[in-house]
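*Asks:* A single structure is presented below for examination.
The values are calculated or read from the model by the stated rules, or taken from the named source; none is laboratory data. Model, not experiment: these values are computed from the prediction. Ideal geometry is used to build each Cβ from the backbone, glycine not excepted, and the neighbour counts take in all protein chains shown. Please note that ligands, DNA and RNA were not included when accessible areas were found on the heavy atoms of the full protein model with its side chains. Shrake-Rupley method; radii C 1.70, N 1.55, O 1.52, S 1.80 Å.
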Amino acid sequence: MAQSYKILGQVNPSANSLSNVYVTPSATEGVVNSIIISNQIADNASFSLVVRPIDETLDDKHYIVRGCVVPGSDTLTMTLSLTLQGDVILAANTNSPNLSFGAYGVEIS
């Protein structure tokens, strides 16, 4: 099995719009080792993260973070080992268009 260490995804979503940060390819597994959330303005902003299989409708069970606040002009680093089988979505939602999200880890194929 080949392992590829990489930037899995980066996104700067619109406010109040759930946006995909990373989608695990069908014949691949992924491990998200860290997620970096950066607030580019002086005002606090909140965000949520969800992980869901591509064939499921969003439900409360999919939230891994809900309503977390990033202080103005600050960065939040989440260190984790989020394991994802193929066809799984990691998505972010925020109340501000000034938060950016980056997911870093490994793809295994």
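*Asks:* Can you pull the one-decimal nm distance between simple spin-label points at Asn12 and Lys61, each 7 Å off the Cα toward Cβ?
*Replies:* 3.7
*Asks:* If you don't mind, there's one more thing I want to ask. For Leu8, what residues show an amide H to amide H distance below 5 Å, using hydrogens built from the backbone and excluding near sequence neighbours?
*Replies:* Distant-sequence amide H within range of Leu8: Ala103, Tyr104, Gly105.
*Asks:* Pop a pseudo-label 7 angstrom from the Cα along the beta-carbon direction at both Ser26 and Ile54 and give the gap in nm to one decimal.
*Replies:* 0.7
*Asks:* Next question. Need one number: % antiparallel among DSSP beta bridges in the chain, to the nearest 5.
*Replies:* Around 100 percent antiparallel, to the nearest 5.
*Asks:* Which residues does a label at Ala2 reach in segment 15-59, if reach means a backbone N under 16 Å from a point 7 Å past the Cα toward the Cβ?
*Replies:* Under 16 Å, as judged by backbone N against the label point of Ala2, lie 25-30 of segment 15-59.
*Asks:* Something else about it: Under 16 Å from a point 7 Å along the Cα-to-Cβ line of Thr83: which residues of segment 33-51 have their amide N that close?
*Replies:* 33-34
*Asks:* Would you rank Leu58, Leu80 by solvent-accessible area, highest first, keeping every protein chain in place and using a 1.4 Å probe? All intermediate terms of the calculation are to be shown ahead of the outcome.
*Replies:* On the way: Leu58 70, Leu80 45 Å².
Descending order: Leu58, Leu80.
*Asks:* Taking 8 Å as the Cα distance limit and 6 or more residues as the minimum spacing, I'd like the relative contact order of the chain as a percentage.
*Replies:* Normalised by residue count, the contact order of the chain is 51 percent.
*Asks:* Report, in whole Å, the centroid distance computed from the Cα atoms of segment 88-109 and segment 18-63.
*Replies:* Comparing the Cα centres of segment 88-109 and segment 18-63, I get a distance of 4 Å.
*Asks:* What whole-number value in Å² describes the accessible area per residue of the chain for a 1.4 Å probe? Before the final figure, lay out each step's value.
*Replies:* Numbers: 5660 Å² over 109 residues.
Accessible area per residue, the chain: 52 Å².
*Asks:* Taking the Cα centre of the chain as origin, sum charge times position over the Cβ atoms of Lys and Arg (+1) and Asp and Glu (-1), and report the length of that vector in debye to the nearest 20.
*Replies:* Magnitude of the dipole: close to 160 debye.
*Asks:* Counting only protein heavy atoms and a 1.4 Å probe, tell me what percentage of the chain's accessible area is made up of carbon and sulfur.
*Replies:* On the way: 2660 of 5660 Å².
The C+S portion of the solvent-accessible surface of the chain is 47 percent.
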